[in-house]
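Data block below; observations after.
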Protein chains: 2
Amino acid sequence: MSAPAQRACGRRMRREIAEQPDRWQDLLAREGDHLAHLHEEIRAHPPRLVLFVARGTSDNAAVCADYLVQTSLGLPSASASPSAVTMFGARLDLRDVLLVAISQSGESPDIVSYVEMARAGGATTLALTNAPGSALAGAVHDVVDLHAGPESAVAATKSYTAELLALTALIAPDDVRAQLDDLHSAARDVLSAAGPAVVELAGRYRYTTRVVTAGRAFSSASAREAALKLMETSYVSAHGMSAADLLHGPIALLDQSVPLLCFASGGPDANAMTELVELGRGQGVDVDVIGDGSVASSTLPPLLPRGLAPQLRPLLEVLPAQLLAAEMALARGIDPDRPRGLSKVTRTY
Amino acid sequence: MSAPAQRACGRRMRREIAEQPDRWQDLLAREGDHLAHLHEEIRAHPPRLVLFVARGTSDNAAVCADYLVQTSLGLPSASASPSAVTMFGARLDLRDVLLVAISQSGESPDIVSYVEMARAGGATTLALTNAPGSALAGAVHDVVDLHAGPESAVAATKSYTAELLALTALIAPDDVRAQLDDLHSAARDVLSAAGPAVVELAGRYRYTTRVVTAGRAFSSASAREAALKLMETSYVSAHGMSAADLLHGPIALLDQSVPLLCFASGGPDANAMTELVELGRGQGVDVDVIGDGSVASSTLPPLLPRGLAPQLRPLLEVLPAQLLAAEMALARGIDPDRPRGLSKVTRTY
C-alpha cells in the first residue's frame, strides 16, 4: 500500500468509533421520550414473549437484549430463525408476542419477510434501524430511528452501540435506564484510556490467525461482537462465546498459540470469569481482560469504571474491542473500512 | 506416541460412531411409544412456546429442534440462557411453556437450576438424557431415556444423534416421523460410504488450523456440531454456522488458507447453498460438500440418499463429520477419546 493510501486506511472506522459518545447523546435527545413511552407500554401490557430478529452485528445486540428481557421483565426471550420462515414456510402463532427487528440498513430481505410473517401471526412489531425510510421500517408497527448517522465503514461500530443503547432504554430497569444520559462521558474516558493499551495489544496479536473471546451473560454479547469485528477487519478466526459454552468443548483448542481475550468486571459473573482466566493461564494461554480491574488482566489497564451495572457493560467494553479490530487490521496492512468479500448492506434470503 | 498406544487411540470414539444405527433401533424400540404419546400430547395441547435448555453438543441438537418446532408445530421456539437465571436471578413467567432440557449426563448444575426455575415459573418440563438416574432426570416432570449406552469418548457422538432422533420423534410431522424406523439402514450406508472419502479429506485438512463449516436451517445444526467435534478432537479453530450468518461478516476470513465444508442437499435451501459454494470457489477457497449430490461437491461422493426430508438430514450428515473429526485427530497424533482440557461431564454454574 502506498503511504497516502495507508494513511486513509481505517479513517472511517476510527472516526465512527470516536463519534459514538456524540451519537448516543443524539439518540437519547431525539428518541428518549419515544423509548420511555415504549418502555411504559411494555411494562403496562407485558407480551408473553419478546422475539428478536437480526443478523450479524445486530444479532449480537440481541444477545444482550435477551438477558435484559429475562432479568428485567421476567419474560422469556428468543432469537428468530428467519430460514424457518423464508425457506421452509413456517407460519407461527405470535399472538401477544413483541417482535423486535434490529437492522442498521433495514434492507435484508429475510428480516423483512420475517416481520411480515410475524405481523400476520399476531405479533406487535417494532424496528430499531438506522434507516427510517427502509423496507423494514415500512413493514413494522413502530420504528425507533437509531440516529447513528451515515455509517460508511463496512464493519459496524456506532450502529451497534446505538442498538444497544436503544434496547437498554427500551427494556432495562429504571435505575439502569437513569444512568444512560451520562454514559457518553464514561465512554469518552474508555476511548481515551483504551487507545495506547490497544495499540500494544494489537502488536502482540499481530501474527496470530486465531483468537478466542469470552464473557458471561451480558458480556457474552461483547465477546461475540469483538470476535465478529476481528473476523471482518483482520480475517482472524475469532471465536466469541459465552464462557460457559467455551467450557463445554471449544476450550480444547486453547494453547500457547491461541490468545484468550475476556470481558470480565465485578458482578455476579466475576467468579466464573476469574476461574476461566486462571484455567487459561495455568495452561500457558496468553490471557488478557477488558474490564474494571475486578478480574486481574495481564497487560491491559482497568478500562471500565468500577461499580458499573452489568447491563451497561456491553456499551463500554466493546469500545476497546472496536479499536483493537481497527488496529489489528492496520498492523496487517488491511483497510478495515473495506474488508474483502463484504459490502455495507448484506442481503440474505 | 508408541505404536500400541496409537492403535488404541480413538478406538472408543470410532466404536461409538459405528454403533449409532443400533442405538437408534434401541431408542425407538424402548421409547418410541413414549415419544409418540408425548407428540400427541403436544399436538392436542400446544404450548405457547417451546424452550430448550442445553449446552455444547446438546445445544446443537436444540438448533435442529428449534427449526422443527417452528416448521412443524407453528410455534415460537427459544434457546434458554442459563446465566440469566443462575447468575442474575431471573425468574420467568413460563406458564403454558414446554421446557425441554437436553443433556447426555444430566449433571450440569446450571441446566438443573434452570429447570427448577422453569417449574416454579409454571413450565411443563421434559428431559432428554442418557442418564435417567441423574439430577436433571429427578428435577423434571417427565424423562425420555436416550438409551445411547455408556458414552466413554469425551467427544459426544451417539448421544448427539440419539438426542436428534428423540427430538424428531417428539416434534416432526407424521410423514417424517414415519421414516424414523428405517433410518438406521440409511445410516449404515452413509457410514460405509463415508469411510474412505473422509480419510482422504482428513489428509487434505491435515495441516490446517482453521476450518469454516456452513449449512442453512436444519443443516446449520450439522455445521455447528461438525465444528464443535473438530475443535474438541483436533484443536482446529472451526467456525460452524448458518450460511446466512456467514455472509453477514465472518465470510471475510475465508481465503485459500481456510477450507469451507458445507452441508447441503436438495431442498428449499439448495439454491442458497449453491450460491455460497460458488462464491467460495470463485475466491479460491477449498470448498467441499457433504450432501446428496444436489449441490456439487469437489471430491466427496454423494453420501446422503436423494429425496431425504430436510428434517432428517442432520441425523445422517453429521456421521461423516464425526468420522472426519476422529480421522483428523489421529492424523495429528491426538487421541480423540481424550482431548486435552475436557472431561466427559462438564459442570457449569
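The values are calculated or read from the model by the stated rules, or taken from the named source; none is laboratory data. What you see is a predicted model; the values in this text were computed from it and never measured. Virtual Cβ from ideal backbone geometry, glycine too; neighbours counted across all protein chains shown. Only protein heavy atoms, including side chains, enter the accessible area calculation; ligands, DNA and RNA are left aside. Shrake-Rupley method; radii C 1.70, N 1.55, O 1.52, S 1.80 Å.
Every test in (1) facing chain B (nearest Cβ under 9 Å); (2) within 30 Å of residue A:233 (Cα to Cα); (3) at pLDDT 95 or above is passed by residue A:81 save one, and that test is (3). Filtering the stretch A:240-271 to residues that are closer than 24 Å to residue B:257 by Cβ, within 19 Å of the chain's Cα centre (by Cα) and open to solvent by 10 Å² or more (accessible area, probe 1.4 Å) leaves A:240, A:241. Taking each residue of the stretch B:61-80 that is without any contact (Cβ under 8 Å) to a residue 12 or more places away in the chain and looking for partners that are in a loop (DSSP other than H, G, I, E, B) and among the hydroxyl-bearing types (Ser, Thr, Tyr) with beta-carbon atoms closer than 9 Å, six or more apart or interchain, yields B:70/A:81. With respect to the conditions (1) more than 30 Å from residue B:176 (Cα to Cα); (2) modelled with pLDDT of 95 or more; (3) out of contact with any strand residue (DSSP E or B) (no Cβ under 7 Å at 6 or more places or on another chain); (4) within 13 Å of chain A (Cβ to nearest Cβ), residue B:116 falls short on a single one, namely (4).
Got at least one residue in the stretch A:117-129 being buried (at least 21 other Cβ atoms within 10 Å of the Cβ), under 18 Å from residue B:247 (Cβ atoms) and in contact with a helix residue (DSSP H, G or I) (Cβ under 6 Å, 6 or more places away or on another chain)? Checked the stretch A:117-129: no residue is buried (at least 21 other Cβ atoms within 10 Å of the Cβ), under 18 Å from residue B:247 (Cβ atoms) and in contact with a helix residue (DSSP H, G or I) (Cβ under 6 Å, 6 or more places away or on another chain). Return yes or no: is residue B:94 more than 9 Å from chain A (Cβ to nearest Cβ), in contact (Cβ under 8 Å) with a residue 12 or more places away in the chain and not charged (D, E, K, R)? Criteria not met by residue B:94. Does the stretch B:240-273 hold any residues that are of a type in the set (Gly, Ala, Ser), at the interface with chain A (Cβ under 9 Å from one of its Cβ atoms) and assigned to a loop (DSSP other than H, G, I, E, B), and which are they? Matches in the stretch B:240-273: B:249, B:257, B:267.
So which residues in the stretch A:27-56 are open to solvent by less than 50 Å² (accessible area, probe 1.4 Å) and of a type in the set (D, E, K, R)? Hits for the stretch A:27-56 are A:31, A:48, A:55. Listed conditions (1) open to solvent by 30 Å² or more (accessible area, probe 1.4 Å); (2) more than 11 Å from chain B (Cβ to nearest Cβ) are all met by residue A:16, apart from (1).
Report, by residue number, each residue of the stretch A:177-209 that is surrounded by fewer than 19 Cβ atoms within 10 Å (Cβ to Cβ) and in contact with a Ser or Thr (Cβ under 7 Å, 6 or more places away or on another chain). Of everything in the stretch A:177-209, those that are surrounded by fewer than 19 Cβ atoms within 10 Å (Cβ to Cβ) and in contact with a Ser or Thr (Cβ under 7 Å, 6 or more places away or on another chain) turn out to be A:200, A:209.
Filtering the stretch B:314-349 to residues that are crowded, with 24+ Cβ neighbours inside 10 Å and of a type in the set (Asp, Glu) leaves B:317, B:327.
For the stretch A:62-76: of the residues being in contact with a Leu (Cβ under 7 Å, 6 or more places away or on another chain) and facing chain B (nearest Cβ under 8 Å), which is surrounded by the fewest Cβ atoms within 10 Å (Cβ to Cβ)? The extreme case among them is A:74.
Restricting the stretch A:138-153 to residues that are open to solvent by less than 10 Å² (accessible area, probe 1.4 Å) and over 15 Å from the mean Cα position of the chain (by Cα) leaves a set whose member that is modelled with the highest pLDDT is A:144.
Answer yes if at least one residue in the stretch B:154-170 is crowded, with 21+ Cβ neighbours inside 10 Å, more than 24 Å from residue B:220 (Cα to Cα) and touching a residue at least 60 places away in the same chain (Cβ under 8 Å), and no otherwise. Write out each step before concluding.
Applying the first criterion (crowded, with 21+ Cβ neighbours inside 10 Å) to the stretch B:154-170 yields B:154-170.
So of that shortlist, the ones also more than 24 Å from residue B:220 (Cα to Cα) come out as none.
No, the stretch B:154-170 contains no residue that is crowded, with 21+ Cβ neighbours inside 10 Å, more than 24 Å from residue B:220 (Cα to Cα) and touching a residue at least 60 places away in the same chain (Cβ under 8 Å).
Under the condition of being touching a helix residue (DSSP H, G or I) at 6+ places or on another chain (Cβ under 7 Å), under 16 Å from residue A:252 (Cβ atoms) and within 11 Å of chain A (Cβ to nearest Cβ), the residues counted in the stretch B:308-349 number 9.
Just one of the listed residues (B:109, B:132) is over 20 Å from residue B:167 (Cβ atoms), more than 10 Å from chain A (Cβ to nearest Cβ) and in contact (Cβ under 8 Å) with a residue 12 or more places away in the chain, namely B:109. Among the residues making up the stretch A:274-285, those that are outside any helix (DSSP H, G or I) and farther than 18 Å from residue B:210 by Cβ are A:283, A:284.
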